[in-house]
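Below: one structure, written as structure tokens.
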Amino acid sequence: MKAIVIEQPGDESCMKLGEAASPDMRPGAIRIRVAACAVNRADLLQRQGFYPPPPGASEILGLECAGEVVEVASDVTNFAVGDRAMALLAGGGYSEDVVVSAGSAMKVPERLSYEQAAAVPEVFLTVFLNVFQLAGLQAGDTALVHGGGSGIGTAFIQLVKEAGARCIITAGSEEKCKRCLELGADVAVNYREGDFVAEAKAATGGAGVDVILDSIGGSYLAQNLDALAIGGRLVLIGLMGGAKAEIPLGMVLAKRLQVLGSTLRARPDAEKAAIVTGLLEQFGAALEAGTIGPIVDRVMSLADAGDAHRLIKASEHFGKVVLSVR
Ligand SMILES: NC(=O)c1ccc[n+]([C@@H]2O[C@H](COP(=O)([O-])OP(=O)(O)OC[C@H]3O[C@@H](n4cnc5c(N)ncnc54)[C@H](OP(=O)(O)O)[C@@H]3O)[C@@H](O)[C@H]2O)c1
């Protein structure tokens, strides 16, 4: 099969369109002929040798894909050959052929193309896991995400609003703030000019926010804790701003805060299946109806994976960057 191969980890030019062996079929799995995969910021780290796949997963980059189901293990009941599927992967998406646990896959809503569907699994499942399952966001609460214009941010805005909660985002430009507001965010803070802690407090009558989804880490830790309400939850999913920080424990204690850390990729298949089930139970109808859905910045060809990584590195995108494999 065709795939993006990396002989030596490095800059964007280390990714070449080449040949790789198709993955073996296994019990509980489906084989998808990939029509499109999407790029995630974590792929940039893996390309440089910093984010190895979990044991047993494909070495090929790519955490999500969409395409036609071409083979189904005999013990799988929820998919048939010919179905359109979109799937969360531990690796392997930058290729023509993936084998994935059936529990990590979802049927593609009718109105979505494969290019759109490939942009759904990673960000919608990550936001659902962290904001709803782990942080327990409820209707009427207020939630904040950093990087509202990211893949994660655009999914966050839609899920939070669909759940009846208030949504605050930060982003690095007026243009991104404007687009986040158009997508449904209630408050957008340009972090290059404004103070998100002050804005979050102003928007909540001084109380602070209930949940923060944070991919910045160290450089924002103290401000994030300050921006939380009593009983607030900070869920850490990335470290773009550094892996070390001093924790103001007095604030954690006095405000009864919870600081959680989470990754999706290395979770066992059964946990991923429970996240997929939970997302579809709460938001499947909205996804089907199109009231929520992927925000695709652009579709590029698989052979242009290097350019796609450059674009993401420069944060020039809004939403997701998709690679067409057809
Ligand atoms: N733990 C997990 O399971 C998991 C799963 C998926 C993703 N993630 C993490 O979630 C993060 C987002 O992923 P993605 O693929 O959606 O990334 P992405 O589309 O590349 O977006 C990253 C965003 O962060 C913004 N940003 C950078 N510095 C910022 C700052 N100081 N304050 C606010 N925003 C800032 C960038 O835009 P502007 O600066 O232009 O606003 C950009 O929109 C990554 O760190 C990724 O590793 C974690």
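The modelled label-to-label distance for the pair Leu260/Glu59, using points 7 Å beyond Cα in the direction of Cβ, is 3.5 nm.
Just want the ordering: Ser22, Ser324, Ser104, from fewest to most Cβ atoms lying within 10 Å of their own Cβ. Display every interim value, and only then the final one.
On the way: Ser22 13, Ser324 18, Ser104 24.
Listing Ser22, Ser324, Ser104 from fewest to most nearby Cβ atoms yields Ser22, Ser324, Ser104.
Number of Lys-Lys pairs in segment 123-261 under 27 Å by Cα, sequence gap 8 or more or different chains? The result is 9.
Classified by the C-alpha gyration tensor, the chain has a prolate form. Its axis ratio a/c, with a ≥ b ≥ c, is 1.5 or above, and a/b is larger than b/c. Taking 0.36 nm per residue of separation and subtracting the current Cα-Cα distance, fully stretching the chain between Ala207 and Glu110 would add 30.7 nm.
What is the local net charge at Val160, summed over the other residues whose Cβ is closer than 13 Å to its Cβ (Lys, Arg +1; Asp, Glu -1)? Local net charge: -2. Using 0.36 nm per residue and subtracting the Cα-Cα separation, the extra length available between Gln138 and Gln282 on full extension is 50.6 nm. Restricting segment 33-111 to trypsin sites (Lys or Arg not before Pro) that sit in a DSSP loop and have at most 13 other Cβ atoms within 10 Å of their own Cβ leaves Arg111. Using the Cβ-Cβ distance between Ser301 and Ala222 with R0 set to 41 Å, the FRET efficiency from 1/(1 + (r/R0)^6) comes to roughly 0.40. Taking Gly28, Gly194, Gly278 in turn, the Gaussian network model of the chain (Cα-Cα springs below 10 Å) assigns the largest fluctuation to Gly194. Within the straight-line cut-off of under 23 Å between alpha carbons, the lysines reachable from Lys107 are Lys272, Lys320, sequence neighbours fewer than 8 places apart in one chain being disregarded.
Here the sum of -39500 (n - 2.57) over DSSP H runs of 4 or more residues, divided by the residues of the chain, equals -8000 deg cm²/dmol at 222 nm, to the nearest 500.
Rule-based calculations on the coordinates, nothing more; no lab input. Model, not experiment: these values are computed from the prediction. Cβ: placed from backbone, ideal geometry, glycine included. Neighbour counts: every protein chain shown.
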